[in-house]
Amino acid sequence: MEEYQSKSKSEVWWRIEVIAWVPFVITMAVSFLLTLHYSLLDNTITTTIAYTRSTTLIVALIPKTIKCYYLGLKRTYAYGSLASLLLLDLLYSVFFHQA
């Protein structure tokens, strides 16, 4: 006999969220280790690290926003606004070369 397992929407989105946060945590750890061992990094490397961190944070916030939207939580607008502001900040720093 097969067992029937039902998963709630919240549980499924929680797993997607965890998967989305993994690249951000790895990026933070790598950038910490790089700055710890090489305190005087080249400006281009520092800028690349900053862009990568910003991008992975935005990517990590998107599933959180979608989850809150599908579950009908009021935090949807907060997470969506935060992701939008971070995206605007990233675009501003890319186009005006300020990290």
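The values are calculated or read from the model by the stated rules, or taken from the named source; none is laboratory data. Predicted, not measured: the structure shown is a model, and the values here were computed from it. When we count neighbours, we look across all protein chains shown, and the Cβ atoms used for this are built from the backbone with ideal geometry, even at glycine.
Show the residue pairs meeting these rules: Cβ distance below 6 Å; 6+ apart or different chains; first residue within the range 15-30 and over 15 Å from Ile58 (Cβ atoms); second residue modelled with pLDDT of 85 or more.
Within 6 Å, no pair qualifies.
Taking Thr76 and the conditions (1) at pLDDT 85 or above; (2) surrounded by 14 or more Cβ atoms within 10 Å (Cβ to Cβ), which numbered condition does it fall short on, given that it satisfies the others?
Here Thr76 meets the rest and fails (1).
Say we look at the range 18-63 and pick out the residues that are farther than 22 Å from Phe96 by Cα and not in a helix (DSSP H, G or I); which of these is modelled with the highest pLDDT?
Taking the candidates together, the pick is Tyr38.
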